[in-house]
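For reference, the structure discussed in these notes is given below.
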């Protein structure tokens, strides 16, 4: 595919899991991709994979909660490939798994610092250049947990709910400048993170891992978790000109667990 040829994409949290799948998919579609996260080893692996597939990519170590590091990231992207066309805000943490009254306030604050403030700061960093050029698109990564209850996950659920309002309002603000902003809300994604969430949920609820896993798969008409590639392809569509009239949307990729 070449639907993103000559585009420059930044993917936060691009070292592992969904972020890696998104980076691969954007690069396969022709974009020059910059992946960023706090762990350099994971980023190097993602970039090496993209190069092996014939794609163009580099990495920048950065913490999305630090304004100065995000500004350095923006400058590095410009130096390497030119202005950013696509920003995918994928960085996020799972946060605590406990009833709200047992959640440590510091764990709550950390969840919002990464999952909400990090998205705000990344948008704030890259939007001025996009507005000046009247060109660009942002895809935020939310979660179905932002729209339906999941026991012992209030901090995470609240942080992902916040992204719905952020995305819709930001799309309204930047639309007159020719920019689009959308949200993708995945279901439980196959991989290391969901396995840890399932294990933590089992402990918090006093059930075994198999029962905790069923709470993710049983509500799905497809009776399964979601592949990272399915989510990544959705992100690539929203980032492309094929979605030129799509903005302010919250698109579920949940194997049917959430249909609204």
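The values are calculated or read from the model by the stated rules, or taken from the named source; none is laboratory data. All figures in this text were calculated on a predicted structure; none of them were measured in a lab. Cβ placement follows ideal geometry from the backbone for every residue including glycine, while neighbour counts extend to all protein chains displayed.
Within segment 79-91, can you find the residues that are assigned to a helix (DSSP H, G or I) and touching a strand residue (DSSP E or B) at 6+ places or on another chain (Cβ under 9 Å)? Selection gives 80 alone. Residue 232 falls short on exactly one of the conditions (1) at pLDDT 95 or above; (2) in contact with a strand residue (DSSP E or B) (Cβ under 6 Å, 6 or more places away or on another chain); (3) under 21 Å from residue 23 (Cα atoms), and that condition is (2). The listed residues are 45, 39, and the only one of them that is out of contact with any helix residue (DSSP H, G or I) (no Cβ under 7 Å at 6 or more places or on another chain), surrounded by fewer than 17 Cβ atoms within 10 Å (Cβ to Cβ) and closer than 24 Å to residue 111 by Cα turns out to be 39. Those helices (runs of 4 or more DSSP H) of segment 93-192 in which at least 1 residues are within 20 Å of the chain's Cα centre (by Cα), touching a residue at least 12 places away in the same chain (Cβ under 8 Å) and under 19 Å from residue 243 (Cβ atoms), considering only elements entirely within it, cover 118-133, 154-174. The residue that is farthest from residue 183 (Cα to Cα), counting only those in segment 235-251 that are surrounded by 21 or more Cβ atoms within 10 Å (Cβ to Cβ) and touching a strand residue (DSSP E or B) at 6+ places or on another chain (Cβ under 7 Å), is 239. Total residues in segment 9-25 satisfying the condition of being assigned to a helix (DSSP H, G or I) and touching a residue at least 60 places away in the same chain (Cβ under 8 Å): the figure is 8.
Every residue in segment 212-223 that is surrounded by 15 or more Cβ atoms within 10 Å (Cβ to Cβ) and touching a helix residue (DSSP H, G or I) at 6+ places or on another chain (Cβ under 9 Å), please. Please lay out each step first, then the result.
From segment 212-223, those surrounded by 15 or more Cβ atoms within 10 Å (Cβ to Cβ) are 212-213, 215-217, 219-220; that's our starting set.
Those that are surrounded by 15 or more Cβ atoms within 10 Å (Cβ to Cβ) and touching a helix residue (DSSP H, G or I) at 6+ places or on another chain (Cβ under 9 Å): 212, 213, 215, 216.
Inspect all residues belonging to segment 98-111 and state whether any of them is modelled with pLDDT of 95 or more and buried (at least 20 other Cβ atoms within 10 Å of the Cβ). Checking segment 98-111: at least one residue is modelled with pLDDT of 95 or more and buried (at least 20 other Cβ atoms within 10 Å of the Cβ).
Of all residues being in contact with a strand residue (DSSP E or B) (Cβ under 9 Å, 6 or more places away or on another chain) and in a helix (DSSP H, G or I) in segment 49-69, which is surrounded by the most Cβ atoms within 10 Å (Cβ to Cβ)? Just the residue, please. The extreme case among them is 50.
Just a yes or no: is a residue in segment 206-214 outside any loop (DSSP other than H, G, I, E, B) and touching a residue at least 24 places away in the same chain (Cβ under 8 Å)? Checked against the condition, which is being outside any loop (DSSP other than H, G, I, E, B) and touching a residue at least 24 places away in the same chain (Cβ under 8 Å), segment 206-214 yields no hits at all. Only one of the listed residues (202, 232) is crowded, with 18+ Cβ neighbours inside 10 Å, free of Cβ contacts under 8 Å to residues at least 12 places away in the same chain and part of a helix (DSSP H, G or I). That residue is 202. Scanning segment 241-254 for residues that are more than 19 Å from residue 165 (Cβ to Cβ) and in contact with a helix residue (DSSP H, G or I) (Cβ under 8 Å, 6 or more places away or on another chain) returns 243, 253, 254.
Here residue 224 clears all of (1) modelled with pLDDT of 95 or more; (2) over 23 Å from residue 96 (Cβ atoms) except the condition numbered (1). When 153, 214 are checked against the criterion of being out of contact with any strand residue (DSSP E or B) (no Cβ under 6 Å at 6 or more places or on another chain) and more than 22 Å from residue 108 (Cα to Cα), 214 stands alone in meeting it.
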